[in-house]
Each structure stands twice: as C-alpha cells, then as structure tokens.
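Read the structure below first, then the notes.
Since every read-out is calculated from the coordinates, none of them should be taken as a lab result. In this text, all values refer to a predicted model and were calculated from it rather than measured experimentally. Positions of Cβ are backbone-derived with ideal geometry, glycine not excepted, and every protein chain shown enters the neighbour counts.
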Amino acid sequence: NAGVMQNPRHLVRRRGQEARLRCSPMKGHSHVYWYRQLPEEGLKFMVYLQKENIIDESGMPKERFSAEFPKEGPSILRIQQVVRGDSAAYFCASSRTSGMSDTQYFGPGTRLTVL
Amino acid sequence: QKEVEQDPGPLSVPEGAIVSLNCTYSNSAFQYFMWYRQYSRKGPELLMYTYSSGNKEDGRFTAQVDKSSKYISLFIRDSQPSDSATYLCAMSGEGQNFVFGPGTRLSVLP
C-alpha cells in the first residue's frame with residue numbers, strides 16, 4: 001500500500017515565478033493537509049482539504065497561496081510570485097476520516113528553494 | 001508563550017541509554033497527543049498516538065500524557081544509533097488543527 005506521495009521532491013524557482021506542489025494521499029484517504037517547515041522549526045499547519053472542498057485554510061497566507069483537491073487527481077499547493085521567504089520544506093499529510101484528531105500520515109515533502 | 005514547547009536539543013546519549021523527550025503545552029483543550037520521528041530530509045513518521053491522559057507502550061517506546069500538568073513524554077529504552085533523528089510532539093483538540101512542537105534532535109552514539 002503506497003504511502004503519501006509528493007512531487008517534485010526538490011523545486012527551484014526564481015523570485016516572481018510560480019511553484020506548484022503536488023500530493024497524492026494514501027489509498028483510501030480522502031483528507032489532505034499541507035504543512036510548512038522552516039529550518040529548526042516545527043511544522044506549521046497551512047490548509048486542510050477534502051475532495052473539492054477547503055475545510056480550513058486558517059494557516060495559509062491570504063495572498064499568493066492557494067490549494068485545491070479536485071475530484072480526480074492529486075492535491076495541489078500553488079504559490080504565485082514566489083519570494084525568498086517561501087523557501088522551506090512543504091509536507092502533505094493524509095488521513096482516512098474527517099477531523100484533525102485522526103492519525104495523519106506524512107509524505108516525504110517538497111523542498112522549495114527560491115533564488 | 002508558545003502553544004507547544006519542546007527542548008530543542010541536540011541531545012546526545014550513548015547506545016543503550018534510556019532517552020526521555022518532553023513537551024509542555026498551554027491549551028487545556030488538547031486531547032490527542034502524538035509523537036513523530038523525522039529523519040534528516042525526510043517526512044515525519046508517526047510513532048505513538050495517545051488519547052487523553054495515561055501511558056501507552058509499543059516495543060521500546062512509551063508515551064506518557066499528564067493533562068493536569070500539561071506535559072507529555074516519550075521514553076525510548078535501549079536506544080540505538082538508528083533512533084538518531086528529530087522527534088516532534090504534536091497535539092490537537094476536537095475540531096482543532098494539529099500543533100507541533102519545534103522538535104528535539106537526538107543523537108545516539110555507538
């Protein structure tokens with residue numbers, strides 16, 4: 001049973017470009033969460049999605065960031081007009097049932113570097 | 001005060017030692033407590049999941065939760081070099097997002 005998959009694993013962008021990060025949840029999981037991790041810091045919640053719905057985006061910056069989880073295909077975290085401060089590791093997690101209390105399984109992360 | 005605090009380490013112990021990792025928190029609504037292990041440049045891996053107060057054991061790992069003191073611990077017995085990683089505590093309440101501690105970096109020396 002494949003785990004949570006993320007791609008690309010590494011992404012380099014120049015300031016002002018767009019970054020698209022993809023996440024495929026574990027089989028049987030329909031709840032997806034995105035987190036950001038800066039060096040020497042813990043994971044910071046960004047957004048929680050179910051198929052075709054954003055449930056909680058309270059941790060996501062209001063500008064330049066968006067997320068979706070379409071009926072078919074992976075969840076996408078999109079960062080427009082990237083800046084150096086966006087450089088971080090972005091992790092996706094998935095769970096089987098609803099609610100933030102359910103066990104979340106993490107993917108390997110996408111490391112974004114903004115030049 | 002941060003919502004979840006954790007000694008950042010690094011913590012270095014000899015192989016075979018008992019390791020104690022701890023987190024404190026301020027939100028009394030937290031009911032679900034987790035410990036994740038994260039190897040360098042990898043995603044977090046769930047180790048232990050505990051609901052409310054009490055102890056839970058799984059092999060060499062024991063998780064303790066003391067809600068009255070807002071304090072959780074992870075004990076690792078007979079530590080191995082392969083246990084060298086960053087350990088993250090995480091917690092949440094009903095309808096609340098997960099909140100992670102900053103992590104403790106552990107090195108187990110052969």
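Key figures
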{"quantity": "Sequence-separation-based contact order of chain B, relative, with Cα cut under 8 Å and 6+ spacing, percent", "calculated": "37"}
{"quantity": "Alpha-carbon Rg/Rh ratio, for segment A:4-68, with Rh computed the Kirkwood way", "calculated": "0.96"}
{"quantity": "Cβ-Cβ FRET estimate between residue B:12 and residue A:71, R0 fixed at 41 Å, reported to 0.05", "calculated": "0.25"}
{"quantity": "Gyration tensor (Cα) of segment B:35-78, equivalent ellipsoid semi-axes in angstrom", "calculated": "21, 13, 9"}
{"quantity": "Per-q log10 I(q)/I(0), segment B:6-74, q = 0.11, 0.16, 0.17, 0.21 Å⁻¹ (Debye; single scatterer per alpha-carbon; no solvent)", "calculated": "-0.29, -0.61, -0.69, -1.01"}
{"quantity": "Per-peptide average of other Cβ atoms within 10 Å, ordering B:80-89, B:3-12 highest first", "calculated": "B:80-89, B:3-12"}
{"quantity": "Percent of C-alpha pairs per 5 Å bin, segment B:48-105, short to long", "calculated": "4, 15, 25, 27, 18, 8, 3, 1"}
{"quantity": "Mean Cα-pair separation over length for chain A, i.e. relative contact order, pairs under 8 Å, 6 or more apart, %", "calculated": "36"}
{"quantity": "Estimated distance in nm for a label pair at residue A:103 and residue B:20, the labels positioned 7 Å out from Cα along Cα-to-Cβ", "calculated": "2.8"}
{"quantity": "Cubic angstrom per residue, convex hull over Cα atoms of chain A", "calculated": "98"}
{"quantity": "Cα point-scatterer Debye curve for the protein assembly as shown, base-10 log of I(q)/I(0) at q = 0.10, 0.12, 0.14 Å⁻¹", "calculated": "-0.45, -0.65, -0.88"}
{"quantity": "Sorted peptide list for B:68-75, A:43-50, B:19-26, criterion being average Cβ within 10 angstrom, highest first", "calculated": "A:43-50, B:19-26, B:68-75"}
{"quantity": "Net charge of neighbours whose Cβ lies under 10 Å from the Cβ of residue B:106, counting Lys and Arg as +1 and Asp and Glu as -1", "calculated": "+1"}
{"quantity": "Number of partner chain Cβ atoms within 10 Å, mean per residue of B:89-101", "calculated": "5"}
{"quantity": "Cβ-defined net charge surrounding residue B:10, 14 Å radius [Lys, Arg +1; Asp, Glu -1]", "calculated": "-2"}
{"quantity": "Förster-model FRET efficiency, 30 Å R0, residue A:53 and residue B:80, C-beta, rounded to 0.05", "calculated": "0.10"}
{"quantity": "Chain A - charge dipole about Cα centre, Lys and Arg +1 at Cβ, Asp and Glu -1, debye rounded to 20", "calculated": "420"}
